[in-house]
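I'd like to ask some things about the structure below.
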Amino acid sequence: MQKRLMAALVCIACVCGVYLLSTELPDKEESISEGTKFTVPERAVDAAASEQLYKNMCISCHGDHLQGAIGPELAHIGDSMTKEQIYKKISDGGGGMPAFEDRLTEDHLITITTWLASHK
Ligand code: HEC
C-alpha cells in the first residue's frame, strides 16, 4: 500500500515537472533575449535602397549631401556613433529627431543604419 502511494506521488511529481518545464521555457527564452545586448546584424551596404529611403524620409532635416540642416550633419556619422546607436536614434528619435519605428520596417532600418555607419 505504502509503495503504491509512493509510486502515485512520483507520477504526480513527474507530470508536474513536465508541465512546469513546458510552461516555463518560453519565459526563460524571453528574458534571455531581453538581457542580451542588442546588435544590428551584419549586412552589405545597399546604397541605392538607402539613398531612396533617405530622400523620402531624412533629406529635409539632414540635407541632400548629409551635410545637415535642421538636424546634424551625418556625413561622418560612422565615426562618432556605433551601428546600434544609429539604429536606436532612427528608431526611437528624440531631441527633435522624429521616431521612425512605425514608419520604417526593421529591414529598412537595418538597411539605412548600415549605409550611414559606412560614412566615416
Ligand atoms: C524633422 C527633422 C528630422 C528628420 C525628418 C530626420 N531627422 Fe535625424 N535628427 C534630427 C535632429 C533635430 C537630430 C538631433 C537630435 C539630438 O540632438 O538628439 C537628429 C539626429 C539624427 C542622428 C544622430 C546624429 C548625431 O550626430 O547625434 C541620426 C543618425 C539621424 N538623425 C538619422 C536620421 C535618419 C536616417 C532619418 C530618416 C530616416 C532622419 N534622421 C530624419 C532631425 C530629423
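The values are calculated or read from the model by the stated rules, or taken from the named source; none is laboratory data. Bear in mind the structure is a predicted one, so any value in this text is a computation, not a measurement. All Cβ positions, glycine included, derive from the backbone under ideal geometry; neighbour counts span all protein chains shown. Side chains included, ligands, DNA and RNA excluded: accessible areas come from the protein's heavy atoms. Shrake-Rupley method; radii C 1.70, N 1.55, O 1.52, S 1.80 Å.
What is the percent carbon and sulfur in the accessible area of the stretch 47-117, measuring with a 1.4 Å probe over the protein chains and ignoring ligands?
In the stretch 47-117, the share of accessible area belonging to carbon and sulfur is 54 percent.
Further question: Of the chymotrypsin sites (Phe, Trp or Tyr not before Pro) in the stretch 30-99, which ones lie in a loop per DSSP and count no more than 13 other C-beta atoms within 10 Å?
38
I'd like to check one number: the per residue accessible area of the stretch 54-120, probe 1.4 Å, reported in Å² as a whole number.
57 Å²
On a straight-distance basis, which lysines could pair with residue 120 in a cross-link, Cα separation under 29 angstrom, same-chain partners fewer than 8 positions away excluded?
37, 55, 83, 88, 89
Moving on. Residue 75: net charge of surrounding residues, Cβ under 14 Å, Lys/Arg +1, Asp/Glu -1, itself excluded?
Taking every Cβ under 14 Å from that of residue 75, the sum is -3.
Around residue 40, with a cut-off of 13 angstrom between Cβ atoms, what is the net charge of the other residues, counting Lys and Arg +1 and Asp and Glu -1?
Combined, the nearby Lys, Arg, Asp and Glu give +1.
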